[in-house]
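Worksheet: the structure to be examined is printed underneath.
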Amino acid sequence: MLEIKNLHCKLEEEDKAILKGVDLTVEAGKVHAIMGPNGSGKSTLSYVLSGRDGYEVTDGSATLLGEDILGMEVEERAAAGMFLAFQYPVEIPGVGNMTFMRTAVNAQRKARGQEEMSSADFLKEVRAKAKDLQIDADMLKRPVNVGFSGGEKKRNEILQMAMLEPKMCIMDETDSGLDVDAMKLVADGVNALRSPDRGFLVITHYQRLLDHIKPDVVHIMYDGRIVKTGGPELALEVEKNGYADIMKESA
Amino acid sequence: MMALPQVKQDATDARLSTLSLPVQDGWTRSARADALSRLTARGLPAARDEYWRFTRPTDLNATEVPGAAPMDESDEAPIFDGIDALTLVFRDGVFDADASDDLRLEGVEISRLASVQGADIHWAKDLYGTLEAKGQDPVWRPFAALNTAFAADGVLIHATGTGTRPICIRYVHEKSDSDPILHHVVKVDEGAAVTLLEAGAPGARFNTVLEADVADTGTFHHVRAQGRNRERRANTHTFGRLGRESVLKSFTLSLNGALTRNEHIVEFTGDNAVAHVAGAAIGDGRIAPFHHDDTVFVTHDAVNCESRQVFKKVLKNGAVGVFQGKILVKPGAQKTDGYQISQALLLDDDSQFLAKPELEIYADDVACSHGSTTGSIDEDMLFYLKARGVPHRRAMDLLVLAFLAESLHEIESDDIAESLRTRLENWLDRHAD
Ligand SMILES: Nc1ncnc2c1ncn2[C@@H]1O[C@H](COP(=O)(O)OP(=O)(O)OP(=O)(O)O)[C@@H](O)[C@H]1O
Ligand SMILES: [Mg+2]
């Protein structure tokens with residue numbers, strides 16, 4: 001599904017390397033988790049994969065379903081099936097949440113040569129999915145993320161993911177800021193999307209989320225590299241002992 | 001009276017020599033004569049005048065109309081087409097009776113200045129030129145005086161009840177050297193209500209004045225779209241006087257225009273009244289110059305009145321936006337709630353926004369705020385939209401419309417606001433580069 005090889009990147013504005021050779025493959029149908037200390041480059045990896053400005057890839061490659069994505073425009077990557085649930089979802093005053101989602105869904109369909117979704121079908125679907133995530137009608141009407149609580153923003157990310165049905169879902173600390181019940185809602189939302197032809201990359205600091213979304217593989221990122229890969233037990237080890245041992249091993 | 005500086009004297013004399021007063025002026029005679037004497041005493045503006053610092057008056061002063069080709073706007077439905085309104089058509093300032101509806105509307109008395117001004121008396125006699133004259137202090141507005149003196153025609157609207165339909169003045173610009181001067185008067189009686197729409201550019205260069213007197217508990221809604229003609233020059237004035245518990249809302253959409261100066265002069269004379277003046281302007285300097293100036297002066301001379309000024313401009317390819325807005329709170333105008341925001345979204349480094357927001361307050365128990373910002377497209381928002389698959393162009397348009405949304409919110413009617421939004425979307429489609 002997603003194949004990242006020896007990916008290096010630096011900041012565009014200054015000579016600061018952030019990713020220093022990331023190797024990672026997420027297979028279709030699998031859930032991979034990335035953990036790692038603050039500043040190790042987890043969000044940067046998600047941004048580089050989704051095409052945010054400000055980073056320059058200096059080496060390596062990344063492909064989605066065999067296609068090079070690093071050369072694509074941001075919106076082309078989305079249409080190709082890449083989705084990033086943001087660590088900090090952006091507020092957009094003046095753009096209605098519903099308008100935004102319908103525009104996005106139909107833009108992706110158009111880019112893939114599919115027929116656009118009718119307003120009625122869209123409404124029906126978004127309402128049903130919003131209900132599952134306990135997102136009320138008012139939140140759909142309001143401007144994108146404006147005045148949403150931290151947890152509401154994260155649930156709104158998952159709603160978008162459910163509507164867009166991407167191939168590869170990257171979730172950046174979707175669990176942060178969620179209360180226990182919301183965490184369960186989000187996890188249910190994600191689990192409902194799990195399918196043999198979809199891959200997940202879940203960035204998190206806590207075992208908590210992984211109790212609900214069971215990962216197949218856990219990676220530890222440190223200083224711009226994946227320094228350790230293991231099964232679900234690796235997350236438990238981090239939870240218990242922190243990163244000190246792992247960092248020592250990799251040094 | 002001090003003599004005018006020679007340049008002003010010359011400019012004023014030259015311009016006046018090209019204008020003539022109507023032969024049959026009837027009840028407008030004294031107002032026209034007074035306006036003319038104001039104009040000769042104070043003269044046309046010069047580039048060095050403080051009030052004209054950001055907008056050069058040269059093209060407005062010029063004795064010869066700077067040519068402006070008419071615009072074929074047949075590629076989109078006429079604006080307000082979907083609104084059931086009583087429509088009056090003016091072609092280059094000349095009334096077109098065949099294209100217009102009958103001037104009959106329940107709750108409203110409508111007449112035309114040119115056809116009734118020969119009489120000795122008319123209800124508009126007390127108003128014509130009155131608000132304009134009052135609005136000449138503390139700032140001189142020469143083109144408004146010129147308008148009162150020389151207006152060839154206009155629509156006189158007297159709301160005695162609630163107008164069952166909006167009145168729409170549709171301007172058609174066909175001649176590249178037309179220079180219409182139109183003067184409209186709106187009188188809203190106690191408890192009455194009326195909506196006035198204006199659509200299109202009245203001419204190559206135009207000077208329009210609207211005087212609106214809203215009596216106690218009356219309501220006046222005014223929405224205007226100034227046409228797409230790129231080369232036109234315009235100076236418009238909207239004078240509003242508000243009685244107790246009355247409401248005035250005026251919104252202007254401006255797409256294109258080599259030179260547009262829209263002035264709003266609003267005065268509260270009765271307590272607990274509400275006035276909102278707002279505008280959205282969008283200009284692309286690539287094909288023709290774009291210069292848009294909103295100049296607003298709101299005077300609070302009553303207790304507990306609310307005024308809002310919301311002006312937004314989107315500028316690209318060397319377009320220039322100007323905002324001069326003032327809130328004056330007179331002694332005793334306690335509990336005034338005055339709000340003013342002027343914002344520009346610059347889509348490139350070539351465009352510029354010049355703003356002069358002012359507050360002058362002589363009462364102690366008031367809440368007034370003003371803000372002016374110049375910004376560019378927010379990169380985080382743009383990335384977020386694109387990361388969801390929205391193409392760059394569409395994402396930009398969404399953000400432009402979002403930026404303008406706050407001003408469109410000031411429009412009372414959703415249908416009317418929607419028709420303006422469609423025009424904006426069409427404009428963005430045509431300027432997708
Ligand atoms: N645009 C930027 N400008 C300057 N520094 C940046 C920028 N983007 C990332 N960095 C730096 O790169 C490093 C990696 O940041 P990143 O946000 O990817 O970390 P992270 O692993 O997601 O951390 P956290 O767990 O705190 O979210 C940090 O040192 C950060 O300060
Ligand atoms: Mg991060």
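The values are calculated or read from the model by the stated rules, or taken from the named source; none is laboratory data. From a predicted model like this one, the values you see are computed outputs, not experimental measurements. Positions of Cβ are backbone-derived with ideal geometry, glycine not excepted, and every protein chain shown enters the neighbour counts. Side chains included, ligands, DNA and RNA excluded: accessible areas come from the protein's heavy atoms. Shrake-Rupley method; radii C 1.70, N 1.55, O 1.52, S 1.80 Å.
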Calculated from backbone phi, Karplus (6.51, -1.76, 1.60) coupling profile of the range B:51-60 in Hz, x at Gly/Pro
6, 10, 5, 9, 10, 6, x, 3, 5, 7
Can you run phi through the Karplus equation (6.51, -1.76, 1.60; θ = phi - 60°) for the range A:109-123 and list ³J(HN,Hα) in whole Hz, with x for Gly and Pro?
4, 4, 4, 8, x, 9, 6, 5, 8, 5, 4, 5, 4, 4, 4
Size of the range B:33-129 as Cα extents on the principal axes (Å, biggest first)
47, 45, 22
Phi-derived 3J(HN,Hα) across the range B:234-241 with the Karplus relation (6.51, -1.76, 1.60, θ = phi - 60°), rounded Hz, x for Gly and Pro, is 8, 10, 10, 10, 10, 9, x, 10
Taking only the C-alpha atoms, wrap a convex hull around the range A:23-122 and report its volume per residue in Å³ as a whole number.
148 Å³
Can you tell me the Rg and Dmax of the protein assembly as shown, counting just the alpha carbons, in angstroms?
30.7, 102
Radius ratio Rg over Rh of the range B:357-413, counting only Cα atoms, Kirkwood formula for Rh
1.20
What is the distance in Å between the Cα centres of the range B:27-58 and the range A:79-105?
52 Å
For peptide B:389-400, what's the mean number of Cβ atoms from other chains within 10 Å of each residue's Cβ?
6
State the antiparallel share, in %, of DSSP beta bridges confined to the range B:6-377, rounding to the nearest 5.
5 percent
Using eta = 0.692 mPa s and T = 37 °C, Stokes-Einstein with Kirkwood Rh from Cα pairs puts D for the range B:274-433, in µm² s⁻¹, at 194 µm²/s
What residues qualify as long-range amide H neighbours of B:C168, i.e. H under 5 Å apart, gap of 5 or more or another chain, H built at 1.01 Å from N?
B:L86, B:T87, B:L88, B:L197
Could you check the spin-label model distance between B:Q334 and B:W123? Points 7 Å from the Cα along Cα→Cβ, value in nm.
3.7 nm
Taking the Cα centre of the range B:6-377 as origin, sum charge times position over the Cβ atoms of Lys and Arg (+1) and Asp and Glu (-1), and report the length of that vector in debye to the nearest 20.
740 debye
Stretch B:T40-B:D364 to full length: gain in nm at 0.36 nm per residue minus the Cα-Cα span?
112.7 nm
Only Cα pairs within less than 10 Å get springs; with that Gaussian network setup on chain B, which residue of B:L21, B:L182, B:L44 has the largest fluctuation?
B:L21
Rounded to a whole number, the mean other protein chain Cβ count within 10 angstrom for residues of A:139-148 is 1
Assuming 0.36 nm per residue, please report the length gained on full extension of the stretch B:S115 to B:E379 beyond their Cα-Cα distance.
89.4 nm
Diffusion coefficient in µm²/s returned for chain A by Stokes-Einstein, Kirkwood Rh over C-alpha pairs, 25 °C and 0.890 mPa s, is 132 µm²/s
Search the structure for amide H atoms under 5 Å from the amide H of B:K313, placed 1.01 Å from N in the peptide plane, and list their residues when 5 or more places away or on another chain.
B:A281, B:Q343, B:A344, B:L345
Please work out the C-alpha center-to-center distance from the range B:382-433 to the range A:47-71 and express it in whole Å.
30 Å
Cβ neighbours within 10 Å from other chains - mean over A:92-99
6
Probe 1.4 Å, all protein chains in place: accessible area of A:K184 in Å², nearest 10?
100 Å²
Search the structure for amide H atoms under 5 Å from the amide H of A:Y222, placed 1.01 Å from N in the peptide plane, and list their residues when 5 or more places away or on another chain.
A:V227
What percentages, rounded to whole numbers, describe P(r) for the range B:53-188 computed over all alpha carbon pairs with 5 Å bin width beginning at zero?
2, 8, 15, 18, 19, 16, 13, 7, 2, 0
Would you tally the net charge around B:A144, using a Cβ to Cβ cut-off of less than 15 Å, leaving B:A144 out, and scoring K and R as +1, D and E as -1?
0
Going by average Cβ density within 10 Å per residue, which order do the peptides A:215-227, A:135-147, A:73-85 take, highest to lowest?
A:73-85, A:215-227, A:135-147
Check the straight Cα-Cα distances from B:K134 and name the aspartates and glutamates below 13 Å, setting aside those fewer than 8 residues away within the same chain.
B:D34, B:D126, B:E211, B:D213, B:E267
As a test question: what accessible area, to the nearest 10 Å², does B:T58 have when a 1.4 Å probe is rolled over all protein chains in place?
70 Å²
What FRET efficiency would be calculated for the residue pair B:A47, A:L193, taking the C-beta separation as r and a Förster radius of 45 Å, to the nearest 0.05?
0.10
Using the Kirkwood radius over Cα pairs, work out the Stokes-Einstein diffusion coefficient for the range A:125-251 at 20 °C and 1.002 mPa s, in µm²/s as a whole number.
135 µm²/s
Going 7 Å from the Cα of B:R430 in the Cα-to-Cβ direction, what parts of the range B:64-88 have a backbone nitrogen less than 13 Å from that spot?
B:70-79
Enumerate the lysines that B:K356 could reach by cross-link, defined here as Cα to Cα under 16 Å, with residues fewer than 8 away along the same chain left out.
B:K312, B:K313, B:K326
Taking chain B as a Gaussian network, Cα atoms linked when under 10 Å apart, which of B:S111, B:S74, B:S37 shows the biggest mean-square fluctuation?
B:S74
Label-reachable residues, the range A:187-226, where backbone N falls under 12 Å from a point 7 Å from A:R112's Cα toward its Cβ
A:198
Just B:R15, B:R233, B:R261 to compare: in a GNM of chain B, with alpha carbon springs under 10 Å, which one fluctuates most?
B:R15
Do any of A:K42/A:K167; B:K125/B:K330; A:K124/A:K214 go past 23 Å between their Cα atoms, and which?
B:K125/B:K330; A:K124/A:K214
Quick one: work out Rg over Rh on the C-alpha atoms of chain B, Rh as Kirkwood radius.
0.95
In the range A:2-250, with Lys and Arg counted as +1 and Asp and Glu as -1 at Cβ, which of these residues, A:N38, A:T63, A:Q160, has the Cα nearest the positive end of the dipole, that is, farthest along it?
A:Q160
Along the Cα→Cβ direction, 7 angstrom out, place labels at B:A288 and B:E76. What is the inter-label distance in nm?
1.6 nm
